[in-house]
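Bear in mind that the values in this text are calculations on the coordinates, not laboratory data. Values in this document were obtained by computation on a predicted structure and should not be read as measured data. Cβ sites come from the backbone with ideal geometry, for glycine too, and all protein chains shown count toward neighbours.
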Amino acid sequence: MPGKTKAKKKSTASKPARKSPPRKPQPVSAKKPVAGFRPSVPEPVVPVKRPTKAMAADRREALYRMLMGKRQELMQEITGNLGASLTEDQRRRLESAMDVGDQSLMDLDRELGISLMEMRNKRRQLIDEALGRLEDSTYGLCDDCGVEINEKRLAAVPFAKSCVACQSKQELIEKIEKGEEREQ
């Protein structure tokens, strides 16, 4: 082949081969997780345990104690605020000595106190309803899907009638409906 030139062979005999130092074996260690990185590992499927009668009785007792504790706290707050309010005669004497600004501030304070009392009384009524549902064995079950409501949710909202998932759906629907009403 006349047009091709042959590549020159480099001779390896003239240059000594360089040896790299032997590598030390690295110990196997767990890698540190990268901040913000969550591997996409599916959560293991946990089989649902059917509550036994003893477990159901223990849960019912714990829920009853929790509800009664919350109710007693509210009743103490309500009775404490009622005892702290002034008698009508004391109020008249105070109002006669005040100027207009002081009277309006006192009225505002009284209205706020009444609003707080109404809110506490409403909570007490809801807890009383929850105690009735506990007697009917429907307390702690979601009204929508029938799943047991988590004890942590019941501790935070003792009169909850829906699980977190169903409550989120209801709130989303309400938000969408309010948005549609504003558009009209």
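In sequence order, segment 138-154 has phi-based couplings of 10, 6, x, 10, 5, 5, 7, 10, x, 7, 5, 7, 4, 4, 5, 5, 5 Hz under the Karplus curve 6.51 cos²θ - 1.76 cosθ + 1.60, θ = phi - 60°, and Gly or Pro positions carry x. For the pair residue 171 and residue 98, the difference between a 0.36 nm per residue extended length and the Cα-Cα distance amounts to 21.6 nm. The amide H of residue 141, built 1.01 Å from its N in the peptide plane, has 149 as neighbours under 5 Å, considering only residues 5 or more places off or on other chains. The 3J(HN,Hα) values that the Karplus relation (6.51, -1.76, 1.60; θ = phi - 60°) gives for segment 110-126 are, in residue order, 5, 5, 5, x, 5, 4, 5, 4, 4, 5, 5, 5, 5, 4, 4, 5, 5 Hz. Gly and Pro appear as x. Cβ-to-Cβ counts within 10 Å put 144, 99 in ascending order as 99, 144, the fewest first.
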